[in-house]
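What follows is a single structure, written as structure tokens, with notes after it.
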Amino acid sequence: MLEVGLIGIGNAGNQVASLAKEKLGIDVYAINSSEKDFETVPNGIPKKLIGDKKGAGKNRLEAKSFLKSKIMELISDEDFQGFMKSKEVVYVCSSTGGGTGSGMAPILSSIISQSFKNEDGSDKIVILIGILPTLLEAYSTQVNTLEYLTEVYKTLDDPTYMLYDNEKLSKKSTCDMMKEINLSIVNDIAVMMGQYTPTTPYASIDEKDMKVILNTQGRIAIASLIDIKEKDLDTVDVEDLIINEIKVNTHCELQRDKTVHRTGIITNLSESINSTVNTHIPKVQEFIGSPVEEFEHIYVNPERKLPNNVFLIMSGLTRVNDRIHKINDRIEEIEERQKQINDDDDALSDNDITELNSKRNYRKSSDNNDVNLQDIFSKFNA
């Protein structure tokens, strides 16, 4: 299996890191600006407190400032260097709408991708994981998310990233929503690290194949079918189930442009179900688009009692423009309400939340192959 690790930043990222350690036993590293948040992180997980210990108060600029002041201390830390040393794939996970994780995660992903190499000199695969808020959440949360996505698309160089969306679970309680999103992330990491690709005499996705899939510029999304029963296939087939899973799972919705660069399908099926599946998935391709390159891993369960599972990894997906439009609509709706409250359609007060966020502009990326930390922070307006 691939050697993977996860850096969780902010409270949301810390919770994912804790669950990944518990469920998968992988190496994780927790970063936060709030000492109180760290009280929920189990002992034994390496932690780095950055900032004034009081949090960032949903202020991304302050979080960036915290990271900038401690970045050399962090990347030279013995625990952090030990964490990074053997990892082939590093996930950097946070919410997009908060302060600490949203502000720090894109910058840190850029820094570690340029600062750390594998022992053979090859690049480590760094995958940024963002958790989007529901559309009902507050103005500052929506603006922070828009800023995060702006940095992913306009500041990061050739990013590989994953986006999970709380809006898909907006009818659930906040507690249940967080648990389901966190578990989805951890289960997807299990798929990507190779937990479901045992040795097989048939088509196989080996470690290098998986690295090719994961090292594709753009977004990664995964559809998982766990423990399929034969009765589930009475009126539909496996491809129908995959398409439905893509529609309803916790990943941010796919664009309708049918653009996907690479796919990897993994099947762990009984002989009878396996015989009904075309692993080139023509119906699914009709829905998501035809990949430039496809990979298959076909494993026939030797025992009937083993669970029937199917996983589809899609990489090189395009920007989530539809979701960005919805965020913009939500921001405009809140701004309009603020105008009505103030009985002034011409201008908002100096203390209005719009003014608080108006100073947040972004600079375009500049080409620089050297690891220049000052340059990286400048690109992120920090």
If we keep only residues of the range 54-79 that are among the hydrophobic types (A, V, I, L, M, F, W, C) and under 19 Å from Lys36 (Cα atoms), then the residue surrounded by the most Cβ atoms within 10 Å (Cβ to Cβ) is Ala63
Residues in the range 52-88 that are in contact (Cβ under 8 Å) with a residue 60 or more places away in the chain and either among the acidic types (Asp, Glu) or closer than 15 Å to Phe116 by Cα (or both): how many? 7
Residues being surrounded by 12 or more Cβ atoms within 10 Å (Cβ to Cβ) and either among the polar types (S, T, N, Q) or within 17 Å of the chain's Cα centre (by Cα) (or both) - total across the range 224-247: 3
Could you list, in sequence order, the residues of the range 249-298 that are assigned to a helix (DSSP H, G or I) and of a type in the set (Val, Ile, Thr)? Ile273, Val284, Ile288
Looking only at the range 213-248, which residues are assigned to a strand (DSSP E or B) and closer than 30 Å to Leu156 by Cα? Gly218, Arg219, Ile220, Ala221, Ile222, Ala223, Ser224
Only one of these conditions is not met by Asn308: (1) within 30 Å of Thr145 (Cβ to Cβ); (2) crowded, with 20+ Cβ neighbours inside 10 Å; (3) touching a strand residue (DSSP E or B) at 6+ places or on another chain (Cβ under 6 Å). Which number is it? (1)
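Select, from Leu146, Leu128, Leu132, Leu169, the only residue that is under 18 Å from the mean Cα position of the chain (by Cα), at pLDDT 95 or above, within 20 Å of Gly10 (Cα to Cα) and surrounded by fewer than 23 Cβ atoms within 10 Å (Cβ to Cβ).
Just one listed residue meets the conditions, Leu146.
Yes/no per residue for (1) polar (S, T, N, Q); (2) modelled with pLDDT of 95 or more; (3) in contact with a strand residue (DSSP E or B) (Cβ under 7 Å, 6 or more places away or on another chain):
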{"position": "Asn274", "(1), (2), (3)": "yes, yes, yes"}
{"position": "Ile288", "(1), (2), (3)": "no, yes, yes"}
{"position": "Phe295", "(1), (2), (3)": "no, yes, yes"}
{"position": "Asn342", "(1), (2), (3)": "yes, no, no"}
{"position": "Tyr362", "(1), (2), (3)": "no, no, no"}
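The values are calculated or read from the model by the stated rules, or taken from the named source; none is laboratory data. These numbers were taken from a predicted model, which means no experiment stands behind them. Positions of Cβ are generated from backbone atoms using ideal geometry, with glycine treated the same way; all protein chains shown enter the neighbour counts.
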